[in-house]
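*Asks:* Next up is a structure, given as structure tokens.
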Amino acid sequence: MRNWSVVRYGRLAAAGTVPPGAQPRPYVDALIATAETVFPPAGEAPGGVALGAPPSAGATAEEMECVLRWLDLPGVRLVEVDGTWTCPAHGAEGLREWIDKAYERHEPSHPRAGRPLR
């Protein structure tokens, strides 16, 4: 048996198997056709429906991490990508300045001076 998965916007949308000796394409096509609908993280869905906020309206950060770990395993192959497959190299790096400011020491007269924010 070979295992197949459909991932949409970081979310596991479907999973299935292909019997030994069978041609995989019909099974893959059926799996794609019956997979869960997951909307893109930002913008509009077909029909003008407003979508959720980034990073993803379809998957939690934990689920995306699980999918990325799975994609990194030996023997896992990407069969088809619709659009662009991306994985931000810097992640939350854009927030570094904001985070650094939050952890700067307060003025000595401040009652929380020197204590880290939680």
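*Asks:* Can you report the number of residues in region 7-49 which are outside any helix (DSSP H, G or I) and modelled with pLDDT of 80 or more?
*Replies:* Narrowing region 7-49 to residues outside any helix (DSSP H, G or I): 7-23, 35-49.
If we keep only those that are modelled with pLDDT of 80 or more too, we end up with 7-23, 35-38.
Total satisfying the criteria: 21.
*Asks:* Test LEU73 against the criterion of being surrounded by fewer than 12 Cβ atoms within 10 Å (Cβ to Cβ), at pLDDT 75 or above and either over 24 Å from SER5 (Cβ atoms) or not aromatic (Phe, Trp, Tyr) (or both), and give yes or no.
*Replies:* Values: surrounded by fewer than 12 Cβ atoms within 10 Å (Cβ to Cβ): yes; at pLDDT 75 or above: yes; either over 24 Å from SER5 (Cβ atoms) or not aromatic (Phe, Trp, Tyr) (or both): yes.
In short, yes.
The values are calculated or read from the model by the stated rules, or taken from the named source; none is laboratory data. For clarity, every value in this text was computed on a predicted model and none was experimentally measured. Neighbour counts run over all protein chains shown; Cβ positions are idealised from the backbone, glycine included.
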